[in-house]
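Enquirer: I am attaching a structure below and will ask some questions about it afterwards.
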Amino acid sequence: MHEPVPYFDLAAQIRPLRKEIDAAIAKTLDNCSFCLGPDVAQFEKDFAAFCGAEHAVAFNSGTSALHVAMLLLNIGPGDEVITTPFTFVATSWGISYVGAKPVYVDIDEQTFNLDPKLIERAITPRTKAILPVHLYGHPFDINPILAISRKYKLPLVEDAAQAHAAKYHGKIVGTFGAMSCFSFYPGKNLGAAGEGGALVTNDKTFAARARSLREHGSTVRYYHDEVGFNYRMEGLQGAVLGVKLKHLSKWTEARRRNAHRLHQLLAGTPLQLPLEAEHAGSAWHLYVVRHPRRDELKRHLEANGIGCALHYPVPLHLQKCYATLGYKPGDFPVAEKAARECLSLPIYPELTDEQLQRIAEVIKDFFGK
Ligand SMILES: *Cc1c(COP(=O)(O)O)cnc(C)c1O
C-alpha cells in the first residue's frame, strides 16, 4: 500500500542528468584522457572557484587527499594530530598512514562537531595539526578553533568530505584552514560515478607538492623528487563531476528545504532534531535525529519501508583498529552517547513531499504506541 522510502536514491539524481553525463563521458572516451587530463583540470578550476579557493587538486579519493594533507604538513612518526572520534574512520586514516597518532577530543552535544573548549588541554609538544570534520555537512565552529591554531602555530585541516557548499558565517567552507579535503564518493553531496576526492588550498606550494605526490612524486615524467603515490583522479570522474558541479547549489537548496520540512513535520515528537548553529549554513549531507530508543525506532522504520542509517555506531577510539591507542569506554562520553542515539533519516534532494510526510507518519506512529 505505501511505497517504501529509500534512505538514498542515486538513480533519481542521475536520471535527469543522463544526457549531459553521457555527452561528457563520450567526449572523454573520444579524447582518451583517462588519468587526469583536460576534464579533471577543468573540474579542478571549477571546484576551486566554487569554494572560493586558489587551488583544488583532484585525487582518486577523499582518503588519499587526507593522506597527502598530512604529508604536506610534514607530519610523521611520533607526531600527534588532534581530531574527532565521531566521524567516518577515514578522517583518521591519513594520520595513521604517516605513522602519527590521532589524539581524540570529545564533541559538542548539539552539533556533533569537535568541541573547541576541549582542544587546548589535548595539545602536547608533539601536536602538529588540528583536523576537525564538518560532520553531516554542518560546519564546525571555525573561529575559536582558528584562534587556537594561530596561538599554538598548529595548522588547521578541514575534513570537508561531507560539506560541499556548507557555509560558515556566510562563506563556503574549505579555505578557513591551511587546506581542506573533500570526497566525491557517490553518496556524498557531490559524487562521482566512482571514487574521487580533492585537496583545496590557497597555498601554491602546498598545491604544487600535492600535485607531485598524487603522481608518483614527480612533476616531470620519470623524474621523481620524493616517494609518491598513484592518487590521480580518473578522466571519466572529472567529466562526470564537471557536469554534476553545475547542479550542486540547486541540490543543496533542496536538501535545506527537505530539512526544514522534516523539522516542521517532526516538531512535537520526542526526537531531538538537528539544529543549525548561528554561524552555520549546513550542507545537510545527513539529517540526524536522536533518541534513547534509537534501535527500536530504526527497526520500526525499516519494518515500514523507511530507509535509515547509523552515522556512526562506533566512535573511532573504540574501534578495534585503534585498540593500540589505549582509549577505553567512557573517555569521550558525548561521542559515545551520540553513537548510541543517532539515527539518519532520508534527506536527499529528490525526496517528494509525500515521502517526507510518510517518514513523519511512521515516526509518529512509533511514538503513538
Ligand atoms: C567519505 C569521507 C571520507 C573519505 O572519503 P573517500 O572519498 O570515501 O575516501 C573522509 N572523511 C569523512 C568525514 C567522510 O565522510
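Enquirer: Given the options 216, 247, 224, name the one that is modelled with pLDDT of 95 or more and loosely packed, with under 15 Cβ neighbours inside 10 Å.
Expert: Exactly one of 216, 247, 224 is modelled with pLDDT of 95 or more and loosely packed, with under 15 Cβ neighbours inside 10 Å, namely 224.
Enquirer: Could you tell me whether any residue of segment 172-179 is crowded, with 20+ Cβ neighbours inside 10 Å, out of contact with any Asp or Glu (no Cβ under 9 Å at 6 or more places or on another chain) and under 16 Å from residue 201 (Cα atoms)?
Expert: yes
Enquirer: Could you list, in sequence order, the residues of segment 116-141 that are surrounded by fewer than 23 Cβ atoms within 10 Å (Cβ to Cβ) and in contact (Cβ under 8 Å) with a residue 60 or more places away in the chain?
Expert: Once the filter is applied, which keeps residues that are surrounded by fewer than 23 Cβ atoms within 10 Å (Cβ to Cβ) and in contact (Cβ under 8 Å) with a residue 60 or more places away in the chain, segment 116-141 yields only 141.
Enquirer: Now a separate question. Assess whether residue 259 counts as being in contact with a Phe, Trp or Tyr (Cβ under 6 Å, 6 or more places away or on another chain), part of a helix (DSSP H, G or I) and away from the ligand (no atom under 16 Å from the Cβ).
Expert: Values: in contact with a Phe, Trp or Tyr (Cβ under 6 Å, 6 or more places away or on another chain): yes; part of a helix (DSSP H, G or I): yes; away from the ligand (no atom under 16 Å from the Cβ): yes.
It is true that residue 259 is in contact with a Phe, Trp or Tyr (Cβ under 6 Å, 6 or more places away or on another chain), part of a helix (DSSP H, G or I) and away from the ligand (no atom under 16 Å from the Cβ).
Enquirer: Find the residue count for segment 62-100, including only residues that are surrounded by fewer than 24 Cβ atoms within 10 Å (Cβ to Cβ), within 12 Å of the ligand (Cβ to nearest atom) and under 18 Å from residue 125 (Cα atoms).
Expert: Here the count works out to 0.
Enquirer: State whether one or more residues within segment 73-93 are farther than 28 Å from residue 165 by Cβ and in contact with a helix residue (DSSP H, G or I) (Cβ under 6 Å, 6 or more places away or on another chain).
Expert: Just the residues of segment 73-93 that are farther than 28 Å from residue 165 by Cβ, to begin with: 74-80.
Right, trim to in contact with a helix residue (DSSP H, G or I) (Cβ under 6 Å, 6 or more places away or on another chain) and you get none.
No, segment 73-93 contains no residue that is farther than 28 Å from residue 165 by Cβ and in contact with a helix residue (DSSP H, G or I) (Cβ under 6 Å, 6 or more places away or on another chain).
Enquirer: I would also like to ask the following. Would segment 84-93 turn up any residue that is without any contact (Cβ under 8 Å) to a residue 40 or more places away in the chain and within 21 Å of residue 228 (Cβ to Cβ)?
Expert: yes
Enquirer: Would you be able to tell me the number of residues in segment 311-327 that are out of contact with any helix residue (DSSP H, G or I) (no Cβ under 8 Å at 6 or more places or on another chain), free of Cβ contacts under 8 Å to residues at least 60 places away in the same chain and part of a loop (DSSP other than H, G, I, E, B)?
Expert: Result for segment 311-327: 1.
Enquirer: Let me ask something additional. Against the condition among the aliphatic types (A, V, I, L, M), buried (at least 17 other Cβ atoms within 10 Å of the Cβ) and at pLDDT 95 or above, how does residue 310 come out, does it pass?
Expert: No.
Enquirer: Could you check, for segment 145-165, whether at least one of its residues is away from the ligand (no atom under 16 Å from the Cβ) and over 16 Å from residue 82 (Cβ atoms)?
Expert: no
The values are calculated or read from the model by the stated rules, or taken from the named source; none is laboratory data. All figures in this text were calculated on a predicted structure; none of them were measured in a lab. Every residue, glycine among them, receives a Cβ derived from its backbone with ideal geometry; neighbour counts consider all protein chains shown.
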